[in-house]
Amino acid sequence: MSRPRTPLLRPSRYYEAHDGSPPFAHAAAAVAVVTLATAGGLAVFLGEFAAALDVPITVDNPAYPGEPFCEDSMFDDTPTGCGEPTEVERNLGALVAEELSWLPPATVVLVPVVWLVQGGVLHAASALADGEGAFADTLAVAGWGMVPSLGRLLAVGVLVISRLRTVALPENPEGALDALRVAIGGVELVGLLAAVVVAVWAGVIRTYGLADARDHSVGTAATIVGVLTAIGLVFELF
């Protein structure tokens, strides 16, 4: 029988097949997939949000220099742009999406940083319980434990996008925002339930991985992972 290629479904067999030293390159590739999928998901969400919140709003025209320069200017020549209107009409959703456009590229950096932090915390907690083994192996275990988060991203993302595409918004900005809040109400609960499922799945992956990689019993590894997972869920709630 061929050995499992990932620890996502049969983590005990996977880690045993690699003698407690899971291939680091495979875990790094898994984290890369999580990184790109998360960044892409955020980009899709921002596009859907901009399309759903297709409500006009009047904002200051960035091409207009301002009254101090145009009306009371001490310059002999009228500054460029004074012939532009002082205000322009923009799409509210597009404005919000532009303001948050830094999120997808930031995710490309943030997810690997989270991986390193989680690996470091897991390794330190294991060391306190007299664990032995290379940090690279712990990091590989932590990396595979991040993959289940894609399930949460998919579940919440599909729900939010489906509601964004079906909601009917009034043309005034205040009413549109209120209607949008009502439309996506309850998403927090779905996200929390998905977080619990993901935490349990990731916890099983990390428990068997930590037991093999750091020479713990399964019970000790489960205690370490369980405590860290519970702390993470508490932080997410607040």
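What to note about this one:
- Qualifying residue in the stretch 13-22 (condition: modelled with pLDDT under 95, part of a helix (DSSP H, G or I), exposed (fewer than 15 other Cβ atoms within 10 Å of the Cβ) and not β-branched (Val, Ile, Thr)): yes
- Once the stretch 155-169 is narrowed to residues that are free of Cβ contacts under 8 Å to residues at least 60 places away in the same chain and of a type outside the set (Val, Ile, Thr), the residue that is farthest from Thr38 (Cα to Cα) is Ala168.
- The combined condition, being more than 30 Å from Val31 (Cβ to Cβ) and either modelled with pLDDT of 95 or more or in a loop (DSSP other than H, G, I, E, B) (or both), is fulfilled by Gly83.
- Looking only at the stretch 180-209, residues that are among the aromatic types (Phe, Trp, Tyr) and either part of a loop (DSSP other than H, G, I, E, B) or within 13 Å of Leu159 (Cα to Cα) (or both) come to 0 in all.
- Residue count for the stretch 123-138 satisfying the condition of being of a type outside the set (D, E, K, R), in contact with a helix residue (DSSP H, G or I) (Cβ under 9 Å, 6 or more places away or on another chain) and either open to solvent by less than 20 Å² (accessible area, probe 1.4 Å) or in a helix (DSSP H, G or I) (or both): 8.
- Screening the candidates Val44, Val34 for the property of being touching a helix residue (DSSP H, G or I) at 6+ places or on another chain (Cβ under 8 Å), at pLDDT 90 or above, within 26 Å of Leu177 (Cβ to Cβ) and assigned to a helix (DSSP H, G or I) yields one hit, Val44.
- Taken across the stretch 51-67, residues that are surrounded by fewer than 17 Cβ atoms within 10 Å (Cβ to Cβ) and in a helix (DSSP H, G or I) do occur, with at least one present.
- Considering residues of the stretch 92-122 that are open to solvent by 40 Å² or more (accessible area, probe 1.4 Å) and in contact (Cβ under 8 Å) with a residue 40 or more places away in the chain only, the residue farthest from Ala222 (Cα to Cα): Val96
- Every residue from the stretch 190-238 that is among the charged types (D, E, K, R) and within 16 Å of the chain's Cα centre (by Cα): Glu236
- Test: residue in the stretch 69-78 that is open to solvent by less than 50 Å² (accessible area, probe 1.4 Å), of a type in the set (S, T, N, Q) and modelled with pLDDT under 95: yes
- Of everything in the stretch 220-238 that is assigned to a helix (DSSP H, G or I) and farther than 20 Å from Ala140 by Cα, the residue that is most open to solvent (accessible area, probe 1.4 Å) is Phe235.
- Looking across the stretch 149-206 at every residue that is polar (S, T, N, Q) and surrounded by fewer than 16 Cβ atoms within 10 Å (Cβ to Cβ), the one that is nearest to Trp115 (Cα to Cα) is identified as Ser162.
The values are calculated or read from the model by the stated rules, or taken from the named source; none is laboratory data. Quick caveat: nothing in here was measured; it's all calculated off a predicted structure. Reconstructed Cβ throughout: ideal geometry from the backbone, glycine too, with neighbour counts over all protein chains shown. Heads up: the accessible areas ignore ligands, DNA and RNA and are worked out on the full protein's heavy atoms, side chains in. Shrake-Rupley method; radii C 1.70, N 1.55, O 1.52, S 1.80 Å.
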